[in-house]
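Peer 1: Take this structure, written in structure tokens, and hold onto it; I'll ask about it next.
A short reminder: the numbers here are calculations on the coordinates, not readings from a lab. Treat the numbers as computed from the prediction; the structure is a model and nothing was measured. Positions of Cβ are backbone-derived with ideal geometry, glycine not excepted, and every protein chain shown enters the neighbour counts.
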Amino acid sequence: MKNIFDFEYREGSGIFYTLDPLIKVFLVMIFWILTLYSGLSSLVLLTAVIFIIVIYSGLTERFLRQTRFFFLFVFPFIVIFQVLFHWSFAGENPGLFFFNPKVSIDGFVIGVKVGLRLFCLLSSSIIFIMTTSPLRLIRRISEIRVIGFQIPASVTFLFVFINRSVTLIFNDLERILEAQKARGFSLRDVGIRKRILGYIALLIPLLTISLERAQKQAIALELRGFGSKKVDIKTDSQSFKM
Amino acid sequence: MVIDIENLSFSFLGAKKPALRDINLRIERGEFVAILGPNGCGKTTLALCMTGIIPHFFRERFEGRVLINGKDTRENEIHDIVPNVGILMQDYESQIFFPTVEDEIRFQMENFGISPKKMEEISKEMKLSPLLKRNPFELSEGEKQRTIIASILATDPDILILDEPTSQLDSEEREHLLRILRHLNARGKTIILITHNTYFARHCSRFLVIRDGRIVEDTRDRSLLEKAHISNLGIEPINYNWGNHAISTGCESQIVIRDLSYEIEKPVLKKINADIGDGEFILILGKNGSGKTTLVKHLNKLLRVQRGEIIINGNSIEEYSQREISKLIGFIFQNPEHQIFRNSVEDELRFTLDALGIVNGNNLNNVLELFNLKEYRDRSPHAFSTGEKQRIALASVLVSKPDIIILDEPMTYLDFEAKKHLIEYLTTLKESGKTIIVISHYPDYYASLTDRRFVIANGKITEG
């Protein structure tokens, strides 16, 4: 299995592990807003902040594995695309099709900006997931009262469910691709068109497996008394710190 | 009395026949009960009735009454029933939600307001203390099961139900699980074991046999498991003779493995050397995580050779394209769910032929017939039971007539009848000269077929 569980939370030390998950949600949202409205120099600064947090939290190796694809393929694609085609769709009347590549420095700057912006949005989410215990998060969410009303268990269930399901769906996809390869068909070795069609065809078995599993998970959560909360005893040994 | 079931009948929505009919059952505190029966007979449905999932989660036709510690499952909510009864599901990975063992147990404790002091006690009892910070998905199958049992025990339930707990376990893990169950039973817990494994079930004190939704046997007589007539009920007798040991004959090497090593973060295979002859039946044994599946995945290029060499029919494996190797070697995975991805049974088989560029698909009809799938050729493969899906997966690989067939734990989801069919089919394949490699924790099934055994431990072949 290819580090599928790298993406998940693991116990660690440092401020980002001990911070209250709700404060972390708030900080991530602020970071997103800053990212969306920053210029190139601020984006470079925000990227540096990301790396400082990653190194400080001891996530370097896992983080680089997670973002490797982005740096190797997505970021260069965005920059090259902007360098070559920026002027084709800039201006007041952008053409529907842009077949006239024209190298431009502006395109390069915009490409780097778009790439860094995407990186900041993506990596701040990854850091949040890697450093936040889902149990602490749902515990804090279930404590929230809006005008005296608690957030429904079904909403919290969604967090638990998504947290586990995303990883498992990728795991299922890996196994199906492996089974296809064993039967002589590798989606990774075919052209783009066939690959896209192949992935679309995989949606059916993936959906079937996911639905079956969703039902089992819903049963499992019921059996574990999720949402019953008869007695409110905090079992968290870590105190939240700023 | 902990469980009292009166006149219970239940049908799932759209089902042609009831899943359970007229069940009357009383189970006393401290009993160790085995529930046996073929696939689809209603064993798991009965377990779900005992937990309150039926009728609260599945609200279809439910008649009769189920009392758990005096609580009527219809009149009480699931979370009122659950502190009395815990269940380890067959697909126990669905019961895991959190990225650490500690959080997994803590979650259950918080839901029921259990004091955190109990964490230490439970983790010690289940021997999980050193694993508390680990991700459950990185643990062995036995450790995953223990994690779930530990979270169940947080509420100290009187009843523990285990649905096919041994299907993924190696012999050592089975023994470990048995010790835990005996210990819990000695503490007064009622244990209900749903299983196809009669050898494991022999440790129980009471035996229920279900067939077509009815209890057809209810006895404390352990000799039931040895009687020939229980095979008519779809259950494997404990002393069933799967055949005598085969006598190996010398033959030309078809697969040669030299100094094969593989590592992913840590060494998995360490300088493996092996020769497999043309037409041989090789059984690969070893504990979970010992490297069995990693070894066979190299044979059809699902894993790239990092160090060492594999020669098939005189040529290095590197000289074969993926298509050529897949034509030569058919691979049947453990879980059939991941091998089925088309919209009809026929389409599933045709996928292999198309992928391998086999134009003449005469074998398709023969294989459909052989696996009793002809009348279902237009049906969605996803609509079948797990045992039937395993049959479709097998058919979809064998349709291309590979010379070498690899099967990874093929018996996991099969009941007695299906197991017998598989052995018959493997016998036919062997007689036709195919080379067969099987990974299994249950060598007895293949006794009559096995030419040689490879035992893998810590990434090395220790016997073979």
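Peer 1: Based on Cα coordinates alone, diagonalise the gyration tensor for chain A, multiply each eigenvalue by 5, take square roots, and list the semi-axes in whole Å, largest first. Walk me through the intermediate numbers first.
Peer 2: Values: eigenvalues 266, 154, 61 Å².
With the √(5λ) rule applied to chain A, the semi-axes are 36, 28, 17 Å.
Peer 1: Right, another one. Other chains' Cβ within 10 Å of A:208-218 residues: what's the mean? Can you show the working numbers first?
Peer 2: Values: counts 7, 6, 0, 1, 4, 4, 1, 3, 7, 6, 3.
Partner-chain Cβ atoms within 10 Å, mean over residues of A:208-218: 4.
Peer 1: Please list, by residue number, every one of the chymotrypsin sites (Phe, Trp or Tyr not before Pro) in the stretch A:11-76 that is coil in DSSP and has at most 13 other beta-carbon atoms within 10 Å. Walk me through the intermediate numbers first.
Peer 2: Numbers: sites: A:F16, A:Y17, A:F26, A:F31, A:W32, A:Y37, A:F51, A:Y56, A:F63, A:F69, A:F70, A:F71, A:F73; in loops: A:Y37.
Counting only loop positions with at most 13 other Cβ atoms within 10 Å, the chymotrypsin sites (Phe, Trp or Tyr not before Pro) in the stretch A:11-76 are A:Y37.
Peer 1: With labels modelled as points extended 7 Å from the Cα through the Cβ direction, what inter-label distance (nm, one decimal) is found for B:N372 paired with A:D106?
Peer 2: Those two pseudo-labels are separated by 7.3 nm.
Peer 1: Another question about this same structure. Along the three principal axes, how long is the protein assembly as shown when you take its alpha carbons, biggest first, rounded to the nearest angstrom?
Peer 2: 84, 71, 48
Peer 1: To continue, here is another question. Where the centroid of each part is defined by its Cα atoms, how far is the stretch B:421-462 from the stretch B:99-133 in Å?
Peer 2: Going from one Cα centre to the other spans 40 Å.
Peer 1: Order these peptides, B:328-336, B:115-123, A:188-196, by their mean beta-carbon neighbour count within 10 angstrom, highest first.
Peer 2: Numbers: B:328-336: 22.7, B:115-123: 14.9, A:188-196: 10.7.
Most protected by this proxy first, the peptides run B:328-336, B:115-123, A:188-196.
Peer 1: For the pair A:F157/A:F77, report the inter-label distance in nm, with labels modelled 7 Å from Cα in the Cβ direction.
Peer 2: Modelled inter-label distance: 3.7 nm.
Peer 1: At a Förster radius of 35 Å, what calculated FRET efficiency corresponds to the Cβ-Cβ distance of B:E318 and A:V44, to the nearest 0.05? Before the final figure, lay out the partial values.
Peer 2: Values: r = 45 Å, r/R0 = 1.29.
That pair, B:E318 with A:V44, gives E of 0.20.
Peer 1: Enumerate by residue number the trypsin sites (Lys or Arg not before Pro) in the stretch B:272-337 meeting two conditions: DSSP loop (anything except H, G, I, E, B), and at most 15 other Cβ atoms within 10 Å of the site's Cβ.
Peer 2: Taking the stretch B:272-337 and a limit of 15 other Cβ atoms within 10 Å, the loop trypsin sites (Lys or Arg not before Pro) found are B:R304.
Peer 1: Percentage of Cα-Cα pair distances in chain B greater than 38 Å, rounded to whole percent?
Peer 2: On the way: 32015 of 107416 pairs.
That tail contains 30 percent of the Cα-Cα pairs.
Peer 1: Apply the Karplus parameterisation 6.51 cos²θ - 1.76 cosθ + 1.60, with θ equal to phi minus 60°, to every residue of the stretch A:150-162 and state each ³J(HN,Hα) to the nearest whole Hz, in sequence, with x for glycine and proline.
Peer 2: Once θ is set to phi - 60°, the couplings for the stretch A:150-162 become 7, 5, x, 4, 5, 5, 5, 4, 4, 5, 4, 5, 5 Hz.
Peer 1: Among the trypsin sites (Lys or Arg not before Pro) within the stretch B:1-70, which fall in a DSSP loop and have no more than 10 other Cβ atoms within 10 Å of their own Cβ? Before the final figure, lay out each step's value.
Peer 2: Details: sites: B:K16, B:R21, B:R26, B:R29, B:K43, B:R59, B:R61, B:R65; in loops: B:K16, B:R29, B:R59.
Within the stretch B:1-70, the qualifying trypsin sites (Lys or Arg not before Pro) (loop, at most 10 other Cβ atoms within 10 Å) are B:K16, B:R59.
Peer 1: Run the numbers on chain A and let me know its relative contact order in percent, using alpha-carbon pairs under 8 Å that are six or more apart.
Peer 2: 27 percent
Peer 1: In addition: Using alpha carbons only, what's the Rg to Rh ratio of the stretch A:134-226 with Rh from Kirkwood? Could you put the intermediate results ahead of the total?
Peer 2: Values: Rg = 18.3 Å, Rh = 15.7 Å.
When Rh is taken as the Kirkwood radius, the ratio is 1.16.
Peer 1: Could you tell me the relative contact order of the stretch B:33-157? Use alpha-carbon pairs under 8 Å, at least six residues apart, and round to a whole percent. Please list the in-between numbers first.
Peer 2: Details: 136 pairs, mean separation 31.3, N = 125.
The normalised contact order for the stretch B:33-157 reaches 25 percent.
Peer 1: With the contact rule set at Cα under 8 Å and sequence spacing of 6 or more, what percent relative contact order holds for the stretch A:134-226? Write down the numbers at each step before the final one.
Peer 2: Numbers: 35 pairs, mean separation 20.0, N = 93.
With pairs under 8 Å counted, the relative contact order is 22 percent.
Peer 1: Could you check the spin-label model distance between A:I144 and B:R304? Points 7 Å from the Cα along Cα→Cβ, value in nm.
Peer 2: So the label points at A:I144 and B:R304 sit 4.5 nm apart.
Peer 1: Can you work out D for the stretch A:1-132 in µm² s⁻¹ from Stokes-Einstein, where Rh is the Kirkwood radius over C-alpha pairs, the temperature is 4 °C and the viscosity is 1.567 mPa s?
Peer 2: 79 µm²/s
Peer 1: One quarter of the convex hull surface, Cα atoms only: what value does that give for the stretch B:223-347 in nm²?
Peer 2: Numbers: hull surface 48.3 nm².
Mean shadow area of the hull around the Cα atoms is 12.1 nm².
Peer 1: Quick one: Debye curve from the alpha-carbon atoms of the stretch B:298-349 only, equal weights, vacuum; give me log10 I(q)/I(0) at q = 0.20, 0.22 Å⁻¹ to two decimals.
Peer 2: Rounded to two decimals, the profile gives -0.79, -0.88.
Peer 1: Count the DSSP beta bridges whose two residues both fall in chain B, then state the antiparallel fraction as a percent rounded to the nearest 5. Walk me through the numbers before you get to the answer.
Peer 2: Working: 37 of 72 bridges.
Looking only at bridges with both residues in chain B, the antiparallel portion is about 50 percent.
Peer 1: While we're looking at this one, here's another question. Determine the shielding of peptide B:335-346 by partner chains: average, over its residues, the number of Cβ atoms on other chains within 10 angstrom of each Cβ.
Peer 2: Working: counts 4, 1, 9, 12, 8, 6, 14, 3, 3, 0, 0, 0.
That average works out to 5.
Peer 1: Looking only at other chains, what is the average number of their beta-carbon atoms within 10 angstrom of each beta-carbon in A:164-171? Provide the component values of the computation, followed by the final result.
Peer 2: Details: counts 7, 1, 0, 3, 4, 0, 0, 3.
That average works out to 2.
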